[in-house]
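Read the figures in this text as sums done on the coordinates, not as results from a lab. Predicted model only: the values in this text are computed from it and were never measured. Please note: Cβ atoms are built from the backbone with ideal geometry, for glycine as well, and neighbour counts cover all protein chains shown.
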Amino acid sequence: MNKKLILLLALFTCCLTACKKITDGFLSDTLRYKSADLYCQRGLPIVQSDPINLDGSTPPITFKMMNLRDSFGKGLPAEFNTKYDITVFKAGMSFNVDTDTTIDLLNLKRETQHVTPMDFNTVSGQLTFNKGSVNLPLGIYVFDIQATNVHGTKFYPSLGRINVVDPTDDDMFQLEDKTNNAFSDATGAVTPMKGLKVTLTKVSATGDRIILKLVDKNGNAFNPSVGEIIKRGDRPTFENYTKFHPITYNDTSMVCDFEVPPFPLAKYVTPTTDWGHLIYYRIPSQFILIDGLAAHAYSSNVRIAFDIKLDGTYIVEFKMTDATRTP
């Protein structure tokens with residue numbers, strides 16, 4: 001091959017290369033969430049999914065959620081697109097236990113928003129659920145994603161599944177203490193009793209109310225309104241953690257309207273002691289019989305602590321499995 005022909009071939013190759021369009025950027029075929037199953041624990045103040053993994057794709061990417069439907073391919077329940085009133089703290093504001101001492105002061109920091117229960121972030125692909133999600137029907141909902149960047153646009157069918165579930169007890173409630181001791185009226189001697197059995201019952205998703213009950217092994221509730229449950233000296237009681245409303249007493253329980261979760265909002269601290277969330281009560285000996293001990297010679301000293309994390313009305317019951325109420 002002579003030099004002239006080689007030169008012509010080289011020039012031809014260069015022309016072909018120059019005419020070929022260079023594609024900008026990269027958009028992966030395998031964009032994905034960390035897990036395709038995304039969870040909405042309905043009613044929690046905020047639940048946020050992981051972002052979409054870009055898999056090396058060129059940012060920025062604009063995401064679009066498409067064809068959100070139930071797991072049977074039917075239409076989406078209307079609740080997803082219905083706006084609900086939710087109370088939230090204003091941007092940049094949060095609760096301060098030292099200064100927000102009344103409902104009026106608290107409300108200066110809060111506002112009501114009229115929003116849908118779910119928000120989709122077009123930049124990250126994250127889903128965010130708010131308190132309004134309490135209205136969403138339980139179930140599994142599937143959606144597709146469209147992604148666009150400098151490279152172009154691609155469609156990803158059934159990329160995610162939204163699992164709308166009820167919060168677990170751990171989401172709503174944390175038990176911190178459940179101690180019970182028999183206290184001798186004559187000598188002051190302390191005898192350990194069996195640990196209290198704790199039951200949490202969510203009555204409703206609204207109300208921000210705790211109904212606290214102490215019951216005997218037969219389920220009979222001690223009556224705080226007639227002195228069957230009393231304070232223990234200067235130790236903290238349920239009342240020490242009520243910020244905005246007084247405790248009300250009836251013949252089976254102590255009732256607190258806590259206004260804003262979590263409850264307690266803060267630890268109880270005195271100049272000498274950090275009590276944490278501890279609550280102390282005594283059931284006088286005339287109202288209780290303790291298994292294996294002399295009748296009406298021992299009081300019951302109860303020490304409990306718990307944390308309610310979510311809006312709603314709850315019955316929190318502490319049951320003595322080795323004592324009987326004797327009104």
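For a footprinting-style exposure proxy, rank 49, 204 by other Cβ within 10 Å, fewest first. Mind dumping the intermediate values first?
Numbers: 49 22, 204 11.
By the 10 Å Cβ count, ascending: 204, 49.
Could you put 103, 308 in order, starting from the residue whose Cβ has the fewest other Cβ atoms within 10 Å?
Result, fewest neighbours first: 103, 308.
So what is the calculated 222 nm ellipticity per residue for the chain, using -39500 (n - 2.57) for each DSSP H run with n of 4 or more, over all residues, to the nearest 500 deg cm²/dmol? Provide the component values of the computation, followed by the final result.
Values: 3 runs with 26 residues, N = 327.
Here the helix-only value at 222 nm equals -2000 deg cm²/dmol.
In whole angstrom, how far apart do the alpha carbon centroids of region 136-200 and region 215-236 sit?
29
Find which of 58, 101, 25 sits farthest along the positive direction of the dipole of the chain, computed with +1 on the beta-carbon of Lys and Arg, -1 on that of Asp and Glu, about the Cα centre.
It is 25.
State whether region 43-92 is rounded, prolate or oblate according to the following rule on the C-alpha gyration tensor (a ≥ b ≥ c being the square roots of its eigenvalues): a/c under 1.5 gives rounded; otherwise a/b larger than b/c gives prolate, and the remaining case gives oblate. Intermediate values should be presented prior to the final figure.
Numbers: a/c = 2.47, a/b = 1.15, b/c = 2.14.
Oblate is the answer for region 43-92, as a/c is 1.5 or above yet b/c matches or exceeds a/b.
State the Cα centre-to-centre distance between region 66-109 and region 38-65 in whole Å.
18
Can you report the principal axis dimensions of the chain using only the alpha carbons, biggest first, rounded to whole angstrom?
121, 47, 43
Given charges of +1 on the Cβ of Lys and Arg and -1 on the Cβ of Asp and Glu, with all other atoms neutral, how large is the dipole of region 169-325 about its Cα centre, in debye to the nearest 20?
Roughly 320 debye, rounded to the nearest 20.
Of 278, 256, 221, which is farthest towards the positive pole of region 169-325's charge dipole, taken about the Cα centre with +1 and -1 on the beta-carbons of Lys, Arg and Asp, Glu respectively?
Value: 221.
Dipole of the chain, Cα-centred, from +1 at each Lys and Arg C-beta and -1 at each Asp and Glu C-beta, to the nearest 20 debye?
Values: 34 positive and 35 negative charges, 272 e Å.
Here the chain has a charge dipole of around 1300 debye.
Between residue 178 and residue 67, what length comes free when the chain is fully extended (0.36 nm per residue of separation minus the Cα-Cα distance, one decimal in nm)? Could you put the intermediate results ahead of the total?
Numbers: separation 111, 0.36 × 111 = 39.96 nm, distance 4.92 nm.
Full extension from residue 178 to residue 67 adds 35.0 nm.
Check each of the trypsin sites (Lys or Arg not before Pro) in region 29-132 and keep only those in coil by DSSP with at most 11 other C-beta atoms within 10 angstrom; list them in order.
Details: sites: 32, 34, 42, 64, 69, 74, 83, 90, 109, 110, 131; in loops: 34, 42, 74, 83, 90, 109.
For trypsin sites (Lys or Arg not before Pro) across region 29-132 that sit outside H, G, I, E and B with at most 11 neighbouring Cβ atoms in 10 Å, the list reads 34, 74, 83, 90.
Which of 182, 204, 40 sits farthest toward the positive end of the charge dipole of the chain, with +1 on the Cβ of Lys and Arg and -1 on the Cβ of Asp and Glu?
40
When the chain is treated as a GNM, springs tying every alpha-carbon pair under 10 Å, which of 307, 55, 98 comes out with the largest mean-square fluctuation?
Among 307, 55, 98, the largest mean-square fluctuation in the Gaussian network model of the chain belongs to 98.
I want to verify a result. In a Gaussian network model of the chain, Cα cutoff 10 Å, which of these has the top mean-square fluctuation: 144, 234, 185?
Residue with maximal mean-square fluctuation among 144, 234, 185: 234.
Mean projection of the alpha-carbon convex hull of region 169-325 over all orientations, in nm²?
On the way: hull surface 36.5 nm².
Average of the hull's projected areas for region 169-325 equals 9.1 nm².
What ranking of 256, 40 emerges when the number of other C-beta atoms within 10 Å of each C-beta is taken as an exposure proxy, fewest first?
Details: 256 25, 40 22.
So the ranking, lowest neighbour count to highest, is 40, 256.
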